[in-house]
Every structure is written in structure tokens, then in C-alpha cells.
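Report on the following structure.
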Amino acid sequence: MRMRSIVYLGLCAALFFLNAPRANADVAPEPEAAASDISPGQGTQVQMVSERVVLDVQMQPSVRASQTSTATVALVTADFTMRNLGNVDETMDVRFPKSFPTSDGFSPSQIGAAIEAIETFVNGKSVVNRTVNDKGVPWAVWRVDFPAGRDVNLRVQYRTIGVDNYGSVDFYYVLETGAGWRGPIGQGDIIFQFPYAANVDMVEPRADYIRALYPATTPPFIVEGNALHWHFENLEPTRTDNVRLQIVRPDLWQALLAARERAFQNPNDASSLINLGKAYRHAIPIKNWWLQNSTIAERFGARADAAFRRATELAPNDAAAHLAYAQFLADRARSQTPEPYYSAARRELARAVELAPNAREAASIAQQLDSLAKIPEIARQLNSSTVNIKPTRSLFSDCARPNPPSELKFRAISANGNRATAQFDRDAAMFQARLARNIGCWFITQLTPLDIHF
């Protein structure tokens, strides 16, 4: 079996070091054995007969750049059964990588140990390990005797930190470092444990919506109580066998579970459904744009929409329900396919303003929608029949928002406080609009065509 070679590339910008990713990996034999072909009488005759790796996922304090925050970590216990298949006793340095280069060649070792509090054991007894630097990568190294024909049990324990992508957490377990042992890995179990019942809903199976830091694959995990379990046999690991698991961050997932339970207990309570919709939305890892090619975004987006829509049906005169739905739809519209979400967001926002003219949340949602309308790629797809307006009559001169998307000239206006009715020309038609004012700006709440003229 051949150990794949890795090219380590340096990075010039120190700021990258502050966000170094973590990875976990198999134990490896000493460099000479790992770098050479394995054949009888040459290299090591020690086989990795089995391995069992348990990653206990938790939320714990983490210190980085002298700042303490709460991070998603895994407390890892990796057990290996090694067997010397040869007729000669072997003694060698066993190595375990404290960090592993990313696909871009970046080594987390440049900001310190990527794996924390590493402990090593041989046949149940704690042994001291030392750190050896190999081509910029730090390895924990300890001496082990492998008697001919005998099994030796190794254990490595440590803490590693997941890579947080706006609420989606990546964990990696690098199997390729075990490729230098004699023959295939006989059998193995990779187990992720959680402080709650495991569920495939919390796993992102697609690999392309957040770029992987390492060549890796999400294997077919099986749900077993609070664990996700993958079992394999006779594996000669390559880079594509490295394990990647993308999950909803535990605090977001637990909030979602609690919201689900409240909605289940109160199926006709609008506030419970609003909270459920928000919990689904928060579990979708969005920075600026709605995710494409994400199973979690598709699944949770549909469920959030259903929860918000049901809340507005149960409480049609509740401005908070319409505002919450409008905010979700505005988020959803920020994508390559803004419709029908953009127009639906405008309708929900207009209804909310009609019910609560002074609702301050409405202004920020309107600004979000207006910003979408200014992006050419999105604007071409939008249904602009429902828009914010900047009329030219003095009644509307207090609209403070800059650069509204439309300016309409009114023929007739009838106003009463925060409500108004207006008639105006647009293209080749006369329209009547019902308006409501919010935070100094007027919104169309209903638009009716009156006449077509040329």
C-alpha cells in the first residue's frame, strides 16, 4: 500500500491563521514505512486490524487569539488494534498528526496545535508522546513495541474544534494517514455522538454548497440513538475515504427541537408557529445569499415557509405574523430565483403595515427588498407590480428612504392620517392604489387597474 505524498504550501497572510481548520486522523507508522511500498520483508508488517473512533460532539468554551467564545467541539477517543503479521518483533515510532494540511496546503500548526490535549496509551497504559515537526506539520510521536504475531492496542484521546460556517459545523476525520500500515484496515467504526437523539435532518449530505477543506466524503451514516455510525471493512484508505460530517450547530438544532415540540403541543397557536419558522430559518447557514445545492436549505426552507404561512392563516390580523413571514420571504428572495418570494414578501409587508403602520421592523424589510430590486440580475426577474413609491405630491414628501424604485405621479389623492387612496397613470393604464404609511414612507397595500389607455 502506498502512502500518498502531500505538498505543503506556505501562506503569506497572517490573518488566515486566525481561522485555521481542524481535522482528526488515524495513527501512522514512522515516515520510512509510510512513504514506501509495503511488501514482505520490507517496511512494516504491522496491520491495523480494527479501529473504533468516537467523536463526542459538545458545545464548550474555546480560546482563540486571547478571546474566549463557545465553540462546537468533539472529544475524540480513537482505539486501534494493531497486529504484527511478520515473524520478527518490530519497534517503531507511531505518529499521530496534531494538524493536517488543507486542500490549499494550509497547516493549522502555524497558530499552534490544531488538536488539543492529546493523550496516548499503549495496551491501556498512558505513555508520554513528544512532538516532531515533519515538513511543517506537527506529529505526536511515541515509541511502541510490536511483538511478532501479537496484538497491540493503541488509544489516542484529544479535543478538536469544528469549523463553523454560519451555523453549519464541519468535522473531518482523516483516514488516509492510516494507509502506511500493512494491508487494508480490517474493519472500522466512525461514531459521532450527540447530547440529543441523532437525526438525518441535521446532516447536510451535499458537499458542494460549502467547499470542503479536505478531500473527503460523507459516508452513509446509520442513526443509532444519539449517534451517527459508519462501519467499514477491508478499507485501503485514500484521500476520498476521509470522512466529512456537516451538521446543524448543536445550539441551533436544540432550539429547533424545542420549537418543534411547542408547535406540536400547540398546533393552532400562531406565536408557536412563528417561533418554529424562525428556528428553521436560523438553522440554515446563510451569510448573504440563499444557498443553492443545499439539502438543509431546501428542507428547512420549505418547512419554515409552511410554519409562517400557517401562522398568518391562524392570525390574519396579527402584524407580527405578517412581518415574520415577510422577513423570511425577503431572505429567501435573495437568491438566483427571487420569485415568487419577492412578490410574496411585498404582499406580506404591505399587510403588516396596514395592520400596524408604526411597526419599525417594516422599514428594514423594505430596505432589504429595495436593495434586491437594484441588483440587475435580480431586478430582471422581479414582479414589480407591488413596490414602494415616492410620489410627487406634498402629502408624501416626508418619505425619508433614499432612492425608492418607483416614482409615480398621482391624479387624485384622498388621505386620512396613515391611510390614503390615490389614482395614478402607469404605462398605459390608470390604477387606484390603497396606501399605508410606515416610518415616514408610504406602501401600496392594494392595487386595482381602472382603465387602459393608449
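Read-outs: derived from the displayed coordinates by stated rules, not from any lab. Since the model is a prediction, treat every value here as computed from it, not as a measurement. Cβ: placed from backbone, ideal geometry, glycine included. Neighbour counts: every protein chain shown.
General remarks:
- In terms of other Cβ atoms within 10 Å, Lys374, Lys278 run from fewest to most in the order Lys374, Lys278.
- Net +/- balance of residues flanking Arg303 in space, Cβ distance below 12 Å, scoring K and R +1, D and E -1: +3
- Taken about its Cα centre, the stretch 145-224 carries a charge dipole of about 240 debye when Lys and Arg each add +1 at the Cβ and Asp and Glu each add -1 at the Cβ.
- Extension reserve of the Ile222-Leu85 stretch, reckoned as 0.36 nm per residue once the Cα distance is removed: 46.1 nm
- Sites Phe121 and His231, calculated FRET efficiency, Cβ-Cβ separation with R0 25 Å, nearest 0.05: 0.60
- Rounded to 0.05, the FRET efficiency of the Asn288 and Leu257 pair, given R0 = 35 Å and the Cβ-Cβ distance, is 0.80.
- Gain upon complete extension [Thr68, Arg206; 0.36 nm per residue less C-alpha separation]: 46.5 nm
- The Asp151 and Asn268 beta-carbon pair, evaluated with R₀ = 41 Å, returns a calculated FRET efficiency of approximately 0.10.
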